[in-house]
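Asker: Just dropping this structure here.
The values are calculated or read from the model by the stated rules, or taken from the named source; none is laboratory data. Keep in mind that this is a model prediction, so the values were computed, not measured. Neighbour counts are summed over all protein chains in view; Cβ atoms, including those assigned to glycine, are modelled from backbone coordinates with ideal geometry.
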Amino acid sequence: MLNKKSIVITASSLTGVLVALCLLNTWAGNHVFSVDYFVLQAKLFFVIPGFVFTSVIFKEISSFANGWSYFILPANRIEKMVAYWLLTTVVYIIFSLSILIISSLIISGLVSLLFEPTFFVFNPLNFQFQELIVHYLVLQSVYFLGAISFQRNHFFITTLFVLLVLGFLVLFSILGFRLIFGDWSIFLNADTVSPEFFEQIKLWIKVIYYGLLAPFFLLMSYLRFKEKEI
């Protein structure tokens with residue numbers, strides 16, 4: 001079960017760190033508050049804790065005793081999966097964005113008190129957070145699978161796995177390109193390949209990333225969860 005006290009302490013600590021960083025940046029920047037700096041930090045404070053939270057959401061099934069009591073709860077596996085997925089996506093997004101809005105108000109008050117009058121209220125709709133949220137929903141599914149698959153150190157192992165897969169894909173793409181086109185002269189002579197070729201590649205990458213990646217990892221999560229339950 002989730003420890004509400006731990007969540008409150010963690011959220012308060014992260015808010016304190018974000019406020020301190022913005023105040024230090026304001027002090028170092030001739031006492032001028034930087035909205036861009038806050039938005040950059042807000043993106044980091046939104047994504048990384050979300051992945052960490054997702055990575056530990058299934059910590060009950062990492063031990064035999066807790067896993068046994070969790071699996072006998074009066075809910076089927078789909079209900080359990082959907083409940084935790086909603087908790088780490090919809091609920092987390094609403095909660096974290098609310099924290100960022102509150103943090104911006106605290107920072108505005110402190111900057112106005114310590115440096116110069118400033119009024120800033122963080123609005124996710126004004127800072128392209130919609131795209132970041134979409135990326136979070138896609139990549140969160142990877143950490144969701146890692147939370148079920150690994151016994152411990154879920155976040156670090158999943159991150160390492162993602163980096164290794166990305167490295168493999170880059171290497172595979174380079175070798176595949178070399179085998180298909182023979183050399184790199186295609187990049188030196190734009191007339192050899194039509195722009196539509198690269199547009200098609202970009203289209204397929206977007207289809208796979210935005211449309212197929214999250215459903216694939218969620219399906220794998222369900223199968224892995226079913227395997228552990230049995």
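Asker: Looking at (1) under 30 Å from residue 23 (Cβ atoms); (2) at pLDDT below 85, which is the only condition residue 114 fails?
Answerer: So residue 114 meets the others, but not (2).
Asker: I would also like to ask the following. Condition (residue is surrounded by 13 or more Cβ atoms within 10 Å (Cβ to Cβ), in contact (Cβ under 8 Å) with a residue 40 or more places away in the chain and under 18 Å from the mean Cα position of the chain (by Cα)) applied to segment 112-126: is it met by at least one residue?
Answerer: no
Asker: Is it the case that some residue within segment 126-134 is more than 17 Å from residue 44 (Cβ to Cβ), assigned to a loop (DSSP other than H, G, I, E, B), of a type in the set (A, V, I, L, M, F, W, C) and at pLDDT below 90?
Answerer: No, every residue in segment 126-134 fails to be more than 17 Å from residue 44 (Cβ to Cβ), assigned to a loop (DSSP other than H, G, I, E, B), of a type in the set (A, V, I, L, M, F, W, C) and at pLDDT below 90.
Asker: Still on this structure, I have one more. Name every residue in segment 81-91 that is in contact with a Leu (Cβ under 9 Å, 6 or more places away or on another chain) and surrounded by 17 or more Cβ atoms within 10 Å (Cβ to Cβ), in order of residue number.
Answerer: 81, 85, 89
Asker: Can I ask one more? In the list 27, 85, which residue meets the criterion of being over 26 Å from the mean Cα position of the chain (by Cα), of a type outside the set (Ser, Thr, Tyr) and at pLDDT 85 or above?
Answerer: Exactly one of 27, 85 is over 26 Å from the mean Cα position of the chain (by Cα), of a type outside the set (Ser, Thr, Tyr) and at pLDDT 85 or above, namely 27.
Residue by residue, here is whether (1) within 20 Å of residue 223 (Cβ to Cβ); (2) of a type outside the set (A, V, I, L, M, F, W, C) holds:
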| site | (1), (2) |
| --- | --- |
| 112 | no, yes |
| 119 | no, no |
| 126 | no, yes |
| 133 | no, no |
| 138 | yes, no |
| 143 | yes, yes |
| 148 | yes, no |
| 151 | yes, yes |
| 154 | yes, yes |
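Asker: Another question about this same structure. Can you tell me which condition residue 146 does not meet? The list is (1) at pLDDT 85 or above; (2) surrounded by fewer than 11 Cβ atoms within 10 Å (Cβ to Cβ), and all the others hold.
Answerer: (2)
Asker: Now a separate question. Only one of these conditions is not met by residue 121: (1) farther than 21 Å from residue 53 by Cα; (2) of a type in the set (A, V, I, L, M); (3) in a helix (DSSP H, G or I); (4) in contact with a helix residue (DSSP H, G or I) (Cβ under 8 Å, 6 or more places away or on another chain). Which number is it?
Answerer: Failed condition: (3).
Asker: Can you pull out every residue in segment 207-230 that is among the basic types (Lys, Arg) and either at pLDDT 90 or above or touching a Pro at 6+ places or on another chain (Cβ under 6 Å) (or both)?
Answerer: None; the set is empty.
Asker: Go through segment 108-135 residue by residue and tally those that are hydrophobic (A, V, I, L, M, F, W, C) and within 22 Å of residue 92 (Cβ to Cβ).
Answerer: 8
Asker: In addition: Being modelled with pLDDT of 90 or more, more than 19 Å from residue 217 (Cα to Cα) and either in a helix (DSSP H, G or I) or among the hydrophobic types (A, V, I, L, M, F, W, C) (or both) narrows it down to one residue among 99, 7; which is it?
Answerer: Going through 99, 7 in turn, the sole match is 99.
Asker: Still on this structure, I have one more. Which pairs have Cβ atoms under 8 Å, sit 6 or more apart or on different chains, and link a residue in segment 202-218 that is more than 16 Å from residue 162 (Cα to Cα) to one that is of a type outside the set (Gly, Ala, Ser)?
Answerer: Hits for this filter: 210/134; 210/138.
Asker: Inside segment 18-43, can you point out the residues that are loosely packed, with under 12 Cβ neighbours inside 10 Å and under 20 Å from residue 124 (Cα atoms)?
Answerer: Matches in segment 18-43: 36 only.
Asker: Any residue that is farther than 15 Å from residue 40 by Cα, buried (at least 19 other Cβ atoms within 10 Å of the Cβ), touching a helix residue (DSSP H, G or I) at 6+ places or on another chain (Cβ under 8 Å) and touching a residue at least 60 places away in the same chain (Cβ under 8 Å) - is there at least one of those in segment 150-159?
Answerer: Yes, that holds for at least one residue.
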